Amino acid sequence: MGIRNSWKKEEGWRLTGSRPLDSAKLQAPGIVRVPEGGFRLFYTAVGSAKPYSMCQGYILSAFSEDGVSFEPEPGIRMAPQPELAHMALRVIAPTLSRCADGRWRMYFESRGDATEPMVICSAISEDMLDWQHEPGIRLKGPGSVRAPRYLPLSDGRGRLFCCGIEYGAGGPAGGEVVSEGVLSANSDDGLHFELEPSYRLEPLSVVRESGGFSAAEVVPPTASGDDWTMLYSAWQDVMEGTVVPVHPSRDSRLSEDFAAASIATDLAGYRSRIYTAFSRDGLVWKRGACVIEGAGYGAEGIDAVHAEDMSLIAVGGGLYRMYYAACGKDGQWGIASAVTEARQLC
């Protein structure tokens, strides 16, 4: 038993761009419950108010009393650091944990120039609003590691799940992808992580997973005999012969028009969907089903083309809510949601 395969999409957007900070592109949610009440949704965005011309994205936040209606909060929670090669252009995919001393730690994917592998960095805060970047890199791999999701373990340690990519000659800037999949890493203190051997899950040689994974989040068992549940998002590659615009992460000259250039790539024929997998031990996984997908190119729906980068939270009464990045035929990215009952047969 675990979170079942049937999810019900909730109508409308949870959040869309509404101000100069997030008007161009908005995605990669990370949800957390606020101890004093309500929910805070962290997300990556870019807009005309970006802090410098080459910036490709930063982390913002919005607050909600009920988890459905969100109000953006002023200011930037975490911005790239131009002086750091591995964090010079973009920070994305926030995930939060509560520290033993009561403070909050945010983990996020960090990107620099195309020659730099993606890594995972962190920031610390007392109130979830004012964040201080923590020096150093929390996790790096033989290639890139991206889209972190933090899971506190029952023994006091923590585990990061992330997507790993290993490259051939040429590295991240031009090397062929030789392997990829969901990785995990453990930590005793939240600062120093050690990668566990091998992938937790690898893309299948099927059309729907041909573009690789973009995120994976794991929910542990809530009762004896339950399964671990993984929600992961996979991209479908474009059809052979399709001309795909250069993504701005591959060409820094496109950074000033990052949103328009990246959306053009998103809509070049790619699709993304959200799937489940289940495990008895949290290490060996068996696939479930596709649980969130849109109707496809040219069809209606805010997630017609893309549904990815989910973030889950228990909302009481045996329910989970999933927030996910969605994009329809018009190229608008925002945050959508779906809800399901937990602890039912998979």
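The values are calculated or read from the model by the stated rules, or taken from the named source; none is laboratory data. Nothing here was measured: the structure is a model prediction, and the numbers come from that model. Positions of Cβ are generated from backbone atoms using ideal geometry, with glycine treated the same way; all protein chains shown enter the neighbour counts.
Per-structure values
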quantity	calculated
Every residue from region 1-60 that is more than 28 Å from ALA277 (Cβ to Cβ), of a type in the set (A, V, I, L, M) and assigned to a strand (DSSP E or B)	ALA45, VAL46, LEU60
Out of GLU109, GLU134, sole residue that is buried (at least 21 other Cβ atoms within 10 Å of the Cβ), closer than 19 Å to ALA185 by Cα and in contact (Cβ under 8 Å) with a residue 24 or more places away in the chain	GLU109
Of residues in region 103-158 being hydroxyl-bearing (Ser, Thr, Tyr) and more than 18 Å from ALA79 (Cβ to Cβ), the one farthest from the chain's Cα centre (by Cα)	SER154
The listed residue being modelled with pLDDT of 95 or more and within 13 Å of TYR323 (Cβ to Cβ), out of ALA49, ALA93, ALA45	ALA93
Residues of region 34-65 satisfying the condition of being touching a strand residue (DSSP E or B) at 6+ places or on another chain (Cβ under 8 Å) and on the phi > 0 side of the Ramachandran plot	GLY38, GLY57
Strands (runs of 3 or more DSSP E) lying entirely in region 172-223 (those with 3 or more residues that are hydroxyl-bearing (Ser, Thr, Tyr))	177-187
Residue in region 13-28 that is β-branched (Val, Ile, Thr), more than 20 Å from ALA326 (Cβ to Cβ) and either surrounded by 22 or more Cβ atoms within 10 Å (Cβ to Cβ) or at pLDDT 95 or above (or both) present	no
Residue match in region 79-92 (condition: touching a Leu at 6+ places or on another chain (Cβ under 9 Å), surrounded by fewer than 18 Cβ atoms within 10 Å (Cβ to Cβ) and assigned to a loop (DSSP other than H, G, I, E, B))	yes
Filter pass, GLU300 being without any contact (Cβ under 8 Å) to a residue 40 or more places away in the chain, out of contact with any strand residue (DSSP E or B) (no Cβ under 9 Å at 6 or more places or on another chain), more than 20 Å from GLY38 (Cα to Cα) and not aliphatic (A, V, I, L, M)	yes
Region 269-289 - residue that is within 19 Å of the chain's Cα centre (by Cα) and among the β-branched types (Val, Ile, Thr) and, of those, modelled with the lowest pLDDT	THR276
Selection count where residues are of a type in the set (Gly, Ala, Ser), part of a loop (DSSP other than H, G, I, E, B) and under 30 Å from GLY174 (Cβ atoms), scope region 224-252	1
Given (1) assigned to a strand (DSSP E or B); (2) in contact with a strand residue (DSSP E or B) (Cβ under 7 Å, 6 or more places away or on another chain), number of the condition PRO135 does not satisfy	(2)
